[in-house]
Amino acid sequence: MQPHHILIVDDDQALLRMLQQAFDREPYTVRCEPSGERALALLQEDVFDVVITDLRLGTVSGFDLLKKTKALSPSTEVIMITGHGTVDSAVLAMKNGAFDYISKPVDIDELYLVVQKACERQHLVAEVRNLRSQIKEYSRLENIVAASPAMQQILAIIKRIAVTDSTVLIEGPSGSGKEVVARAIHAWSMRSEAAFVAINCGALPETLLESELFGYVKGAFTGAHAPKKGLFEEAHGGTIFLDEIGETSPAFQVKLLRVLQENEIRRVGDTKDIPVDVRVLASSNTPIRELVDAGRFRQDLYFRLKVIPLQVPPLSQRREDILPLAQFFIDRYCLRSGRTPVKIGKDAAAALMSYTWPGNVRELEHAIERAMILLDGDTLTREALLLEPVTSAGAEYPYADLTLEEMERVHIERVLHACNWNQTEAARKLRIGYNTLWRKIKTYGIQRTHATPEH
């Protein structure tokens, strides 16, 4: 269990020493400060779980600290202590967000119990917030459809590896369900009651990715006006899922390797390490072995991540899952929208089974959602699916003389132009990471123009 970080502020030195002795032990770490001004500075330099403060501190009052604490870190609980207790001040403290209000002389046992309850409430609020974020899409483990032998084998492996803390590298094409697999591993693990935190590493620039994962201290960079915990700290005791890990830079890979080896993170701009207890799951659309061979991914990190490798096949290689998945998405849509049940017609089933599904499960999900919006009756039809026709082998193809690289360059240029050179949006449409798009723009020498390029 990660220690709870407490800041105690009181200008009574004797009381301050007594409180420090009472709380300077597991599961707490304590910072004591007799000055309200210095306490304000500490609040901008560090993140505390609980602040215990006297109401009257001189030029800076306990109410000032309360307001500043809630402005910088709303989840931090504040306990007010005073020898000048009145009903009015107690009511005002609670209205401004104080967790509790205690009068002097301080009963250490009573205060210890209040702090314990504050920490329990903080943990509960974080847990509820995490559960709410997950329950919308993944309310049951039965949401994993596995009619095909390939997916049944993956589920069997998941159940065996979930009880361990080993890192898992999940590989497979975009939209094949790698995050669903990661969530299943977490749900069946001993960490299931703690947080599951997911981040798309390919969607963020290196500097932003580092600050999101590791957090930062005040002044670490322009705009860092207050310290912030990173996702590794938020996932303490639980699981973190690093999607598109292959899109990260070698410099970031060095830092991630150190975290995996030492179980410690260092916030951006800080000089001290913070221990974390997190299981790491990672995924990639591109086989990491290929990236290692190309010199784009560290081999030592690759071996560290693939303690347990999992390969999720494309939907075209597990066609037994197509109709069960389609019915699952139909049932879920009907449940959410309050619609009467809908079944799949024979013509729709034939269309679903004959389509190649280049976008895998994600494309199937979107196709079903679109069809349900357009459908009037209670039977899904081929017409409602609006599936793109498959190009016949004999059809005229305007790009037959282009190489694969030339075709890729043409397509990237056109998508960038369609997105008005919004590279984040273009990367999303291309279903590749932001960093991958940036590298391809550089490799192909693509430059922004004010007219649609002619090819």
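Could you please let me know if residue 399 is surrounded by fewer than 13 Cβ atoms within 10 Å (Cβ to Cβ) and modelled with pLDDT under 90?
Criteria met by residue 399.
From the list 176, 133, 166, the one residue that fits, being of a type in the set (S, T, N, Q), touching a strand residue (DSSP E or B) at 6+ places or on another chain (Cβ under 9 Å) and modelled with pLDDT of 90 or more, is 166. Anything in the range 360-383 that is among the hydrophobic types (A, V, I, L, M, F, W, C) and either assigned to a loop (DSSP other than H, G, I, E, B) or surrounded by 21 or more Cβ atoms within 10 Å (Cβ to Cβ) (or both)? List them, or say none. Correct list: 361, 364, 367, 368, 371, 375, 380. Only a single criterion out of (1) touching a helix residue (DSSP H, G or I) at 6+ places or on another chain (Cβ under 6 Å); (2) part of a helix (DSSP H, G or I) is not satisfied by residue 357, namely (2).
Quick grid of which residues meet (1) over 24 Å from residue 439 (Cβ atoms); (2) in a strand (DSSP E or B); (3) aliphatic (A, V, I, L, M):
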| residue | (1), (2), (3) |
| --- | --- |
| 253 | no, no, no |
| 258 | yes, no, no |
| 261 | yes, no, no |
| 271 | yes, no, no |
| 277 | yes, no, no |
| 280 | yes, yes, yes |
| 283 | no, yes, no |
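Given the structure, is residue 111 of a type outside the set (Ser, Thr, Tyr), within 37 Å of the chain's Cα centre (by Cα) and not in a strand (DSSP E or B)? Against the criterion (of a type outside the set (Ser, Thr, Tyr), within 37 Å of the chain's Cα centre (by Cα) and not in a strand (DSSP E or B)), residue 111 qualifies. Report every pair of residues separated by at least 6 positions or lying on different chains whose Cβ atoms are under 6 Å apart, first residue within the range 167-195 and not assigned by TED's automatic domain parsing to the domain that holds residue 123, second of a type in the set (Lys, Arg) and assigned to a loop (DSSP other than H, G, I, E, B). Qualifying pairs under 6 Å: 169/306; 174/431. Residues in the range 218-232 that are touching a residue at least 60 places away in the same chain (Cβ under 8 Å), surrounded by fewer than 21 Cβ atoms within 10 Å (Cβ to Cβ) and not basic (Lys, Arg): 225, 226. For the range 194-237, filtered to residues that are out of contact with any strand residue (DSSP E or B) (no Cβ under 6 Å at 6 or more places or on another chain) and among the hydroxyl-bearing types (Ser, Thr, Tyr), the residue that is modelled with the lowest pLDDT is 222. The single condition among (1) buried (at least 18 other Cβ atoms within 10 Å of the Cβ); (2) without any contact (Cβ under 8 Å) to a residue 24 or more places away in the chain that residue 17 does not meet is (1). Would you check if residue 121 is at pLDDT below 90, farther than 30 Å from residue 319 by Cα and touching an Asp or Glu at 6+ places or on another chain (Cβ under 8 Å)? For residue 121, the condition - at pLDDT below 90, farther than 30 Å from residue 319 by Cα and touching an Asp or Glu at 6+ places or on another chain (Cβ under 8 Å) - is met. Only residues that are aromatic (Phe, Trp, Tyr) and without any contact (Cβ under 8 Å) to a residue 40 or more places away in the chain were counted in the range 264-301, giving 0.
For the range 47-102, filtering for residues that are hydroxyl-bearing (Ser, Thr, Tyr) and without any contact (Cβ under 8 Å) to a residue 12 or more places away in the chain leaves 1. Residues that are touching a His at 6+ places or on another chain (Cβ under 9 Å), surrounded by 14 or more Cβ atoms within 10 Å (Cβ to Cβ) and at pLDDT below 95 do not occur anywhere in the range 334-353. So the check is Cβ under 6 Å with 6+ separation or different chains; which pairs have a first residue in the range 136-153 that's modelled with pLDDT of 90 or more and a second one that's outside any helix (DSSP H, G or I)? So the pair list comes out as 148/318; 150/313; 150/318; 151/318; 152/146.
The values are calculated or read from the model by the stated rules, or taken from the named source; none is laboratory data. In this text, all values refer to a predicted model and were calculated from it rather than measured experimentally. FYI the Cβ positions are ideal-geometry reconstructions off the backbone, even for glycines, and counts take in every protein chain you see.
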